[in-house]
2 protein chains.
Amino acid sequence: MSAYIHSRKMLYEVTQELAATAMGLQPADLIIRNGRLVNVNTARIQEGIDVVVRHGLIALVGNADHVQVAEHTQVVDAQGKFLVPGFIDSHMHVESSMVDLRSFTAGILPSGTTTICPDNHEITNVLGLRGVELFHEVAQGLPLKVLLAMPVCVPSIPGFEDAGATITAEEVAASYSQGWAQLQGEQMNFPGVIYSDPHVHAITAAGLKAGIVLTGHYASLELNKGLNAFIASGMTACHEATTAEGALRRAELGLYPQQRYGTAWLDLPNLIKAVTENPGLDTRFFSIVTDDVTPATIVEEGHLVRAVRKAISLGVSPITAIQMVTINTAQMLEKARWIGTISPGRAADILIVGDLVELTIEQVYADGVLVAENGKMALELPGYDYPEWALKSVHLDPLTKEDLRIAADKTVKVRVAQVVPGMVHTEEHILEMTPVDGELKADPQQDIAKVAIFYRHAPMDGRTGSKGMGFVKGVNLNPHSAYASTVSHDCHNLLVIGTNDEAMLLAANALIEVGGGIAIVADGELETVMPLPLAGLMSLESVEVAAEQTREVENALNKAGCPYPSFEMTLSLLGLIVLEELHFSNKGLVELKPGEMPRFVDLVVPD
Amino acid sequence: MSAYIHSRKMLYEVTQELAATAMGLQPADLIIRNGRLVNVNTARIQEGIDVVVRHGLIALVGNADHVQVAEHTQVVDAQGKFLVPGFIDSHMHVESSMVDLRSFTAGILPSGTTTICPDNHEITNVLGLRGVELFHEVAQGLPLKVLLAMPVCVPSIPGFEDAGATITAEEVAASYSQGWAQLQGEQMNFPGVIYSDPHVHAITAAGLKAGIVLTGHYASLELNKGLNAFIASGMTACHEATTAEGALRRAELGLYPQQRYGTAWLDLPNLIKAVTENPGLDTRFFSIVTDDVTPATIVEEGHLVRAVRKAISLGVSPITAIQMVTINTAQMLEKARWIGTISPGRAADILIVGDLVELTIEQVYADGVLVAENGKMALELPGYDYPEWALKSVHLDPLTKEDLRIAADKTVKVRVAQVVPGMVHTEEHILEMTPVDGELKADPQQDIAKVAIFYRHAPMDGRTGSKGMGFVKGVNLNPHSAYASTVSHDCHNLLVIGTNDEAMLLAANALIEVGGGIAIVADGELETVMPLPLAGLMSLESVEVAAEQTREVENALNKAGCPYPSFEMTLSLLGLIVLEELHFSNKGLVELKPGEMPRFVDLVVPD
């Protein structure tokens, strides 16, 4: 089949034709007959419902016996199967799936996600505002609704790290006026919000002034003054609740808890208890998002549907769970006149579903076009010809042993970041370390690996050559093993973790050579390299190929001693300084303790 | 007390201060302690809640023990009483209450309505787009949120009647770009919508293109093709459901049923059965509106609160009923980030309520300002100095007997409009009438009154001098009695109804002399005149004075023989040609039968 270019009509262009079709005066483009409508407006199921589509929009929901059928009209018999609105993922990062937007679209449409709100702050950290524009460009002609969330934390905490760009309030405002972005991405600098940082509030104000919905990231368990300050600053949604109480409190305060169920961060089972343990609760403020999923998860378990299935398996009624990815989310986005419900005037994003608990998605219609069937794409999407500047983003010369050296002349107390499998934060521990040959070195016997993070973006005075160094516990790497990656949230500098310097150099220099990606050295051998040429973050391969490559990375990581699944995702957060408690930036170690502002700390604790 | 000028801050101006207040780092303006929060986000009641306000916006909802109290901080002890969000009336006409916006505001704030969406199509029919601008102007400095709904049916069906202006799609677009209007008013020409009239759809498109929420008026019992066509044309809300099935079907199709409970049109008791008889229904799409209330209703029973009390008395839980005038409506308007919930970042529109079933409103805060207490305004609002062109709008010379003559030379079959107490439509009957002195005359013995409607707006060729004539049944006027009014939906031409010509002239000419209003002649005597100088529609008196004058009108109407309460409201619809079945325009008789387009009909039915 030849590549499919999607075109989309807006309602204001075609109201006359929609009315005429509903009235039976002009023919329909598509009629789906005899479905069981999962009506998310009323939380009821209606039998024997027909849906009539014209120009990709729904003209009628009800009885279509009077509707005109022309030669071009497609008539589908739903055979009493369920009609479910296409799913909306209101917080996610395409980059986490390690493929570009086009491959991603082909990867997720078969599992029923028809709208995404990508916060593309990963690519923006590398490429700046032109990364946003590029993303917007790539979204054109796709049968997926892409509501771009303008990244606002680039870098995540200014002054504490260096990304490839710094996004200003003016650039944020420009992204809205240019029509590139439709909502504001996660405001991760929540300390900056609650402590009234003027730069952070200028960005917030730019969104509010433009009438844009702002999404948050309140990664704290404090649920009174801080959470209120965060919401009062204009935040509408937050995906960082980790407890049922935190989810409930957010909803009570009018902040949509976006219950996260990604590959590695599995908050939903905790959060959903806010619903299952509070019968009668109005759940309209509850949403579900993926945030970050690997390509393997998409291929093996599907996209957002996997999270909805999980919610149902945990005791939420199917219709309530479906509301959390349809009407609730659409209302949150103030887009419920367009998406999130199978109702007249809305986009014909419709899933035909065989079983409502298993959520077996048999057909996926996007704007009235059959895009996927029985888990496979029904269309072939075109690739995108990316510019050179987006494909060559690792600006580093090969590293040497000297670059990894941590000098010391006596036994010292050292700050070590302890990773916690399945969680996004680290714990800060103070450990005693004794130098060997005048250096502090990794100690695989004690499960202590060395960490180095190198500025890798376009050359800039004061940034090029900068690095951060330290140690991590909990990765369980074997001796002579290492992990290197240019996927290193949020600045995506080159992160290297290893149990000796030779292994670290082998992994890091392999990536510098291929222009970014992930490399694993196990027992002294370069076990695998996954090239990610687009901004050092994304493959141009299909999600299936990326899934296979990711499996190779994971196998290699296991072979290198790390026993946990998908642990490359946890490791990629070691540079994410907005998380508690100890993280690595190209400018040094950053400590963030509950309820405090972030601060630089020395690797060595003074006596 | 001196007149109070209200100022209002937008969130984007003050996020830093709100955060600082929530964090306890800057003092609050207002703290309401120890309330029982009616949480409309989750449909739960929370005990022991404090609400902290700064710059009129909510900084914190929860525990305020840490919040700074300065000298200017107002601290209120709610003593465990209920905290309820201010009510939002999403469809109403200020003109129906026969006072100007300033008097209206003082009239309704004490009963807890803090936001209105006035569709000011009455004044716009008289004054055109400058009436919209004037309304916008008058709203400035008021502690009531006035979200103007741009009138789009001026006149209601072009070509079938003449108002003082004709609103075009360009003017509609201008009202949005100028910031005068925040939503689109009721699209009453529903036949034009469903039959794809290009003028009507151009107006619809102007709203959709501007991102504006459109409100509808689908006055039909047909609930499949027509209703779908109406919604598919971009309508978001409709207040014309008259049955539970009609309300449920609207909600199912994603059209907010705005359950009407005004003075004379009392649909809510029927519609609410859609909720009470369908337990478990998601009610988020259900709203409640007043549409039209007399000043007497406001004074005696309150404004929107009266409708909410009614819903509760009919078996809806208080919190569900309150959601129908708060969060549901705010979400419908896509304004839930500003109004409709007591949550951080939202306007501090808060009612302190003693009893949740009786809805005894003890205090009303608007943008954090105490505006009313125990049913009385706590502030005095300033009047507005209206321009001459708005106060002199009846352009008619005194009428003579010749103006009322309906010539006939034999017994004929005549179309008569039968009014139905409590309903907005008429029934068309064919009656035999025999001329007296070469004229068809009223026949009080048969309860047949004569109707005449005269173009009364600014002089215009082809309009000035035009009139419509006919007969009405069901008013029960005594002999020698008449009713005249310049409040005559929607064109507000001069409507005169009477049982003989002398009485009709007496009433009509009294109004021409005072510049508009309502006049009643009973048994040959001019019983009362209620002057309505503003556009011939509204008094500049207080709502209490207007209520008293309305009572005089009603008493006079009863004395003239008409036995029904508030029947002047029913009579004022005799010119509303978008309603079924027979109505009077200045261009003649207009018939509208279910499912058909409107058409002119002759008074006399051909043999």
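Structure values in brief
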| read-out | value |
| --- | --- |
| Qualifying position, being at pLDDT below 95 and surrounded by 11 or more Cβ atoms within 10 Å (Cβ to Cβ), among A:420, A:369 | A:420 |
| Test: residue in the range A:278-289 that is in contact with a Ser or Thr (Cβ under 6 Å, 6 or more places away or on another chain), free of Cβ contacts under 8 Å to residues at least 40 places away in the same chain, more than 12 Å from every other protein chain (Cβ to nearest Cβ) and of a type outside the set (A, V, I, L, M) | no |
| Members of the range B:104-140 that are small (Gly, Ala, Ser) and within 24 Å of residue B:329 (Cα to Cα) | B:106, B:107, B:111, B:112, B:139 |
| Set A:451, A:394, A:420: member being in contact (Cβ under 8 Å) with a residue 12 or more places away in the chain, touching a helix residue (DSSP H, G or I) at 6+ places or on another chain (Cβ under 7 Å) and closer than 26 Å to residue A:576 by Cβ | A:394 |
| Residue count for the range A:240-255, restricted to those that are farther than 16 Å from residue A:422 by Cα and either more than 13 Å from every other protein chain (Cβ to nearest Cβ) or open to solvent by 10 Å² or more (accessible area, probe 1.4 Å) (or both) | 6 |
| Members of the range B:183-200 that are open to solvent by 10 Å² or more (accessible area, probe 1.4 Å), in a helix (DSSP H, G or I), farther than 30 Å from residue B:145 by Cα and not aliphatic (A, V, I, L, M) | B:198, B:199 |
| Test: residue in the range B:119-139 that is within 14 Å of chain A (Cβ to nearest Cβ), of a type in the set (A, V, I, L, M, F, W, C) and either within 16 Å of the chain's Cα centre (by Cα) or not in a loop (DSSP other than H, G, I, E, B) (or both) | no |
| So residue B:339, is it within 14 Å of chain A (Cβ to nearest Cβ), surrounded by fewer than 23 Cβ atoms within 10 Å (Cβ to Cβ) and farther than 15 Å from residue B:268 by Cβ | yes |
| Residues satisfying the stated conditions in the range B:21-47, i.e. in a strand (DSSP E or B), within 11 Å of chain A (Cβ to nearest Cβ) and either among the polar types (S, T, N, Q) or open to solvent by less than 10 Å² (accessible area, probe 1.4 Å) (or both) | B:37, B:39, B:46 |
| Among the residues listed as A:366, A:408, A:378, the single one being free of Cβ contacts under 8 Å to residues at least 24 places away in the same chain and either farther than 30 Å from residue A:127 by Cα or among the hydrophobic types (A, V, I, L, M, F, W, C) (or both) | A:378 |
| Identity of the residue in the range B:364-393, in a loop (DSSP other than H, G, I, E, B) and among the charged types (D, E, K, R), that ends up farthest from residue B:537 (Cα to Cα) | B:367 |
| Options B:83, B:18; residue that is in contact with a Leu (Cβ under 9 Å, 6 or more places away or on another chain) and assigned to a helix (DSSP H, G or I) | B:18 |
| Number of positions in the range A:36-53 that are free of Cβ contacts under 8 Å to residues at least 40 places away in the same chain and more than 12 Å from residue B:282 (Cβ to Cβ) | 6 |
| Close pairs from the range A:218-238: first more than 7 Å from chain B (Cβ to nearest Cβ), partner assigned to a loop (DSSP other than H, G, I, E, B) and of a type in the set (D, E, K, R), Cβ under 7 Å, at least 6 apart | A:218/A:240; A:219/A:240 |
| Strands (runs of 3 or more DSSP E) (entirely within the range B:505-607) containing at least 2 residues that are open to solvent by less than 10 Å² (accessible area, probe 1.4 Å) | B:517-522, B:581-585, B:588-592 |
| Pairs where the first residue, in the range B:501-516, is β-branched (Val, Ile, Thr) and the second is open to solvent by 10 Å² or more (accessible area, probe 1.4 Å), C-beta under 7 Å, 6+ apart | B:512/B:394; B:512/B:396; B:512/B:398; B:514/B:529; B:514/B:531 |
| The listed residue being within 12 Å of another protein chain (Cβ to nearest Cβ) and either open to solvent by 20 Å² or more (accessible area, probe 1.4 Å) or within 13 Å of residue A:368 (Cβ to Cβ) (or both), out of A:65, A:50 | A:65 |
| Near pairs, Cβ below 9 angstrom, 6+ apart or cross-chain, from the range B:575-599 (polar (S, T, N, Q)) to any residue that is modelled with pLDDT under 90 | B:585/B:155; B:585/B:157 |
| Qualifying residue in the range A:541-562 (condition: among the aliphatic types (A, V, I, L, M) and in contact with a His (Cβ under 8 Å, 6 or more places away or on another chain)) | no |
| Scope the range A:312-345; condition in a helix (DSSP H, G or I) and touching a strand residue (DSSP E or B) at 6+ places or on another chain (Cβ under 7 Å); matching residues | A:319, A:322, A:328, A:329, A:330, A:332 |
| Enumeration of residues in the range A:200-216 that are over 15 Å from residue A:174 (Cα atoms), under 21 Å from the mean Cα position of the chain (by Cα) and not hydroxyl-bearing (Ser, Thr, Tyr) | A:213, A:214, A:216 |
| The range B:68-101 - residue that is within 30 Å of residue B:492 (Cα to Cα) and of a type in the set (A, V, I, L, M) and, of those, nearest to the other protein chains (Cβ to nearest Cβ) | B:88 |
| Unmet requirement for residue A:480, which otherwise passes all of (1) surrounded by fewer than 24 Cβ atoms within 10 Å (Cβ to Cβ); (2) in a loop (DSSP other than H, G, I, E, B); (3) in contact (Cβ under 8 Å) with a residue 60 or more places away in the chain; (4) not charged (D, E, K, R) | (3) |
| Options A:43, A:59: the member that is of a type in the set (A, V, I, L, M, F, W, C) and more than 24 Å from residue B:278 (Cα to Cα) | A:59 |
| So residue B:271, is it open to solvent by less than 10 Å² (accessible area, probe 1.4 Å) and at pLDDT 95 or above | yes |
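The values are calculated or read from the model by the stated rules, or taken from the named source; none is laboratory data. Treat the numbers as computed from the prediction; the structure is a model and nothing was measured. Here the Cβ is made from the backbone with ideal geometry for all residues, glycine too, and neighbour counts use every protein chain on show. The accessibility values were calculated without ligands, DNA or RNA, using every heavy atom of the protein model including side chains. Shrake-Rupley method; radii C 1.70, N 1.55, O 1.52, S 1.80 Å.
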